[in-house]
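First comes the structure, then the notes that go with it.
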Amino acid sequence: MLVEFEEIELARSGDDAAFSRIVSVYRKRILGTISRLIGRPEDVEDVAQDVFLRLYFSLDQLRTAEVFEPWLYRLTVNAAYDYLRRQRRRNESRMSDLSEQQVIMADATAGSRVDLDHQHQRRVRETVDSMLSQVSEDDRILLVLKEVEGLSLKELEQIYHVKENALKVRLFRARQRVMKAYQASEKKIAEARAAKK
Amino acid sequence: MQDDQLQDEKLSPELIALFASYRQALPDREADPQFMPGVWARIEARRKDAWWFGRIARGFVTAAGAICLLIMGAIWLPEHSTASLYTTTYVDVVAEDSGPDDALETL
């Protein structure tokens with residue numbers, strides 16, 4: 001835990017200063033998690049503010065201070081899930097072009113020697129975002145929490161409020177789907193490159 | 001589904017490497033200086049909305065209570081104001097109102 005239980009209790013009892021201190025301690029981690037969950041840096045702060053807004057108005061529902069971190073993760077997951085669903089509705093039409101955009105971007109940056117590291121990171125972000133956009137929001141969030149954030153099954157159990165076996169099944173299926181999406185995406189990129197030549 | 005089978009279903013090495021690169025490409029980051037004021041602005045906005053909603057809800061409850069009282073009054077008052085009309089019998093009313101007829105009969 002990054003904060004003392006007393007601090008959480010104070011925030012629960014309506015102490016705004018204690019709440020501000022909690023936000024200050026957790027915001028860096030939450031911003032990082034959200035950026036990896038949604039994959040769009042420009043909207044990360046907006047979603048993170050939404051998470052802390054939800055936290056402020058739901059602190060009284062928190063049973064004990066001990067479960068604060070899974071609770072905060074759960075709020076983060078819910079906010080990211082809502083965001084992704086909104087985005088999916090908004091971008092449905094242009095999602096199919098993402099792989100092509102990715103190829104164009106990759107090719108455009110391939111020859112340049114300026115800031116190669118930065119370009120590589122951007123390519124990785126685009127590739128993973130494109131791949132994850134082909135699976136459901138549920139799968140995306142679960143995979144990012146497990147494979148990118150590195151959360152254990154026990155931690156996921158606390159966030160999702162489901163039994164370990166049910167989680168394993170969901171994870172198994174999500175992995176299958178993302179591997180299929182990865183193979184399809186690789187194939188598409190290879191075809192687009194071949195067509196360009 | 002068997003537990004062993006679930007455990008065996010791992011990601012391909014390329015995907016594991018890709019996710020690790022993704023983690024490195026998006027490290028934990030510091031918030032903008034306007035982050036905290038933004039959080040409080042949203043909280044204040046929500047509180048204000050809740051306050052207005054509370055006021056409107058209280059207004060509705062008060063109005064509903066007043067309407068209930070009016071309806072109850074409208075039902076209760078006619079019952080009591082007309083009660084005397086129906087407590088006397090027809091014979092009593094005729095007996096009370098028999099003055100002029102008596103006079104005629106004696107004639």
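The values are calculated or read from the model by the stated rules, or taken from the named source; none is laboratory data. No experiment lies behind these values; they were computed from the predicted model shown. Ideal geometry is used to build each Cβ from the backbone, glycine not excepted, and the neighbour counts take in all protein chains shown. Remember, those area values only see protein heavy atoms, side chains included, never the ligands or the DNA or RNA. Shrake-Rupley method; radii C 1.70, N 1.55, O 1.52, S 1.80 Å.
The residues of region A:12-26 that are open to solvent by 10 Å² or more (accessible area, probe 1.4 Å) and of a type in the set (A, V, I, L, M), listed by number, are A:Ala17, A:Val25.
Taking the criterion of being facing chain A (nearest Cβ under 9 Å), touching a Lys or Arg at 6+ places or on another chain (Cβ under 7 Å) and modelled with pLDDT under 90, would at least one residue in region B:46-63 satisfy it? Scanning region B:46-63, I find no residue that is facing chain A (nearest Cβ under 9 Å), touching a Lys or Arg at 6+ places or on another chain (Cβ under 7 Å) and modelled with pLDDT under 90, so the answer is no.
Does B:Thr82 meet the test of being open to solvent by 100 Å² or more (accessible area, probe 1.4 Å) and at pLDDT below 85?
Values: open to solvent by 100 Å² or more (accessible area, probe 1.4 Å): no; at pLDDT below 85: yes.
No: the conditions fail for B:Thr82.
Given (1) surrounded by 12 or more Cβ atoms within 10 Å (Cβ to Cβ); (2) under 18 Å from A:Val77 (Cβ atoms), identify the lone condition not met by A:Ser152. Against the list (1) surrounded by 12 or more Cβ atoms within 10 Å (Cβ to Cβ); (2) under 18 Å from A:Val77 (Cβ atoms), A:Ser152 comes up short only on (1). For region A:155-172, filtering for residues that are open to solvent by 80 Å² or more (accessible area, probe 1.4 Å), within 14 Å of chain B (Cβ to nearest Cβ) and part of a helix (DSSP H, G or I) leaves 2. Residues in region B:38-71 that are closer than 30 Å to A:Asp43 by Cβ and either of a type in the set (S, T, N, Q) or surrounded by 11 or more Cβ atoms within 10 Å (Cβ to Cβ) (or both): B:Gly38, B:Val39, B:Trp40, B:Ala41, B:Arg42, B:Ile43, B:Ala45, B:Arg46, B:Arg47, B:Ala50.
Of all residues in region A:27-53, those that are more than 7 Å from every other protein chain (Cβ to nearest Cβ) and open to solvent by 10 Å² or more (accessible area, probe 1.4 Å) total 7. When region A:173-197 is filtered for residues that are within 11 Å of another protein chain (Cβ to nearest Cβ) and modelled with pLDDT under 85, the ones remaining, listed by number, are A:Ser185, A:Glu186.
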